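The values are calculated or read from the model by the stated rules, or taken from the named source; none is laboratory data. Owing to the predicted nature of the structure, the values given are computational and were not obtained by experimental measurement. Quick reminder, even Gly has a Cβ in these numbers, built from the backbone with ideal geometry, and neighbours come from all protein chains shown. Quick note on the areas: whole protein, heavy atoms, side chains included, nothing else; ligands and nucleic acids left out. Shrake-Rupley method; radii C 1.70, N 1.55, O 1.52, S 1.80 Å.
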Amino acid sequence: MNFKLFGAVVFALTTLMLSSALADEAPAIDRSATGGAQTLEDIMARQKQLEVDESFRTEELEDPADPPPITGPLGAQGGSSVAVDYRAIRYNRIDPTTQVRTPAADVLIQDGGMPWYKLREGPLISYGGGAILGFLLLLVVFYFVRGKIRIHGGPAGTKIQRFKAIERFGHWLLAGSFIALALTGLVTLMGRSFLIPVIGHELYSDLAIGSKWVHNNIAWSFMLGLLLTFVMWVAHNIPNRLDWQWLKAGGGLFTDSHPSSKKFNAGQKIIFWATMILGVSVSLSGLSLLFPFQMPMFAGTFEVVNGILGTDLPTVLAPHEEMQLSNIWHSIVAFLMMVVILAHIYIGSVGMEGAFDAMGNGQVDLEWARQHHDLWVEEVQARQGKGGSS
């Protein structure tokens, strides 16, 4: 496990809950013009996540046994100020009950929205978008420096079946649904910042509504494709000692050497397991978002992490905090998957001659197969008892 990466992710998640504790203290505010009540400066300071001395509000709670007279201000509300009621709830001075039985109905005030929004609209977009653009640039540079990986001596002209129809179906179901999810997810996350200035609010509104519908429904195809590919290929992706030899040789990416491998080499195994692990994680957080407040994930996860790493992550979270963390985690994992899949797309298309045929029609050139998966070719030919054409 990459503990540095894991630590960075945990740090990003806990920023949502720790930001207020780390905030600078707001300067003293003059409330004489409001008779000691809240001012615009108070509101703006809280939006900037500055630490505001709330004692002027927490101490202004009416005594329920001695409410203002019915003939006084706010008398039409029974002598009780709604603002005072909400202050009592906010500062946990009363224990309210509600007749509403919908999820999270017992949480009347939850103030994590602004930190979540700022994390989502700021670092998440900046670092996530920067990672994608930076990796794309890296692939372009690598292509011009390394060039396309060619078949030495040219194609043999003889074909061998690489993947069956059901395997190609599972692959394209997973790949196609992921691309649709990535595009619609980017529209939803970044559209307000990058698309509204270009296409306007009305057109973006239609695009966002359509993207949300596609995203929520294509998610089921993605999860089905994830399950199919796992069942079909997990046996071929168990690490073995050949993988270390392949990694030491750089997999032929930087030289003309081609280390021996079976059906999947070490690079493909890394892509497979990254896709499976990240895919399951993004699916679970996605289900949590599809069914609000029904699938809390993080309180229990933080408890396990605390037990392993000795950290002090919060293990009691409001339902809204669970949803906010699910949203942030969903986006982080999605960005990581996009980077992984970009590498896979590069090698399977412009990066390597003959690679696309494996998932195009299932038939690959025999010489290509011998160079990249020689031990697998020997296994296929041994089973067929003949030259390997199919």
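A few points about this structure:
- Among 174-180, 307-313, the order from most to least packed when residues are scored by Cβ within 10 Å on average: 174-180, 307-313
- In degrees, nearest ten, helix 266-290 long axis to first principal axis of the chain (Cα): 30 degrees
- Note on MET190 and GLU378: their simple-model spin labels are 4.6 nm apart, each label 7 Å out from Cα toward Cβ.
- Sequence-distant residues sharing a close amide H with GLN363 (under 5 Å, placed H): ARG162
- Rounded to the nearest 10 degrees, the inclination of helix 374-384 to the longest alpha-carbon principal axis of the chain is 60 degrees.
- Region 152-219 - percent relative contact order, Cα under 8 Å, separation 6 or more: 39 percent
- For region 282-309, backbone nitrogen atoms closer than 13 Å to the point 7 Å from LYS212 Cα along Cα-to-C-beta are found at 290.
- For region 132-175: rounded, prolate or oblate by the Cα gyration tensor [a/c cutoff 1.5]: oblate
- For region 217-281, the solvent-accessible area of protein heavy atoms averages 54 Å² per residue (probe radius 1.4 Å; ligands and nucleic acids excluded).
- The computed volume of the Cα convex hull per residue in Å³ for the structure shown corresponds, within (i) 191; (ii) 154; (iii) 206, to (iii).
- Residue order by solvent-accessible surface for VAL84, VAL304, VAL198 is VAL198, VAL304, VAL84, largest first, with ligands and nucleic acids left out and a 1.4 Å probe.
- In this simple spin-label approximation, PHE142 and ASN92 carry label points 7 Å from Cα along the Cα→Cβ vector, and these lie 5.0 nm apart.
- Of the residues TRP213, LEU139, GLY112, the one whose Cα sits farthest towards the positive end of the charge dipole of the chain is LEU139 (charges of +1 on Lys and Arg Cβ, -1 on Asp and Glu Cβ, taken about the Cα centre).
- Of the trypsin sites (Lys or Arg not before Pro) in region 84-129, those whose Cβ has at most 13 other Cβ within 10 Å and which sit in DSSP loop: ARG93, ARG101
- Net charge dipole size for the chain [Lys, Arg +1 and Asp, Glu -1 on Cβ; Debye, nearest 20]: 2500 debye
- Each residue of region 302-315 was assigned a 3J(HN,Hα) from its phi angle through the Karplus curve 6.51 cos²θ - 1.76 cosθ + 1.60 (θ = phi - 60°); the sequence is 5, 5, 5, 4, 4, x, 8, 9, x, 7, 10, 6, x, 10 Hz, with glycine and proline shown as x.
- Hits among lysines - C-alpha to C-alpha of LYS118 under 29 Å, sequence gap 8 or more where chains match: LYS4, LYS48, LYS212
- For GLU51, nonlocal amide neighbours, meaning residues 5 or more places apart or on other chains whose placed amide H falls under 5 Å from its own, are ASP24, GLU25, ALA26.
- For MET352, the residues 5 or more places off, or on other chains, whose built amide H falls under 5 Å of its own are ILE149.
- Given LYS248/LYS269; LYS164/LYS262; LYS159/LYS263; LYS159/LYS269; LYS159/LYS262, the pairs whose alpha carbons are separated by over 21 Å: LYS159/LYS269
- Considering helices alone, the calculated mean residue ellipticity of the chain at 222 nm is -19000 deg cm²/dmol, with DSSP H runs of length four and up weighted by -39500 (n - 2.57) and normalised per residue.
- Rounded FRET efficiency, nearest 0.05, which uses the C-beta distance separating ARG120 from ASP312 and R0 of 25 Å: 0.55
- The candidates TYR91, TYR86, arranged from most to least accessible area with a 1.4 Å probe in the full protein assembly, appear as TYR86, TYR91.
- Taken about its Cα centre, region 257-390 carries a charge dipole of roughly 360 debye when the Cβ of each Lys and Arg holds +1 and the Cβ of each Asp and Glu holds -1.
- Highest-fluctuation residue, SER55, SER211, SER331 considered, GNM on the chain with Cα pairs under 10 Å: SER55
- With respect to the chain, whose longest principal axis is taken over its alpha-carbon atoms, helix 319-348 is tilted by about 20°.
- Charge dipole of the chain about the Cα centre (unit charges at C-beta), most positive-ward option of VAL339, PRO292, GLY122: VAL339
- Going by accessible surface with a 1.4 Å probe and the largest first, TYR127, TYR346, TYR117 read TYR127, TYR117, TYR346.
- GNM remark for the chain: springs join alpha carbons under 10 Å apart, and the peak mean-square fluctuation among ASP30, ASP95, ASP85 falls on ASP95.
- Contact order, relative form, for the chain: 21 percent (alpha carbon pairs under 8 Å, 6 or more residues apart, mean separation divided by residue count).
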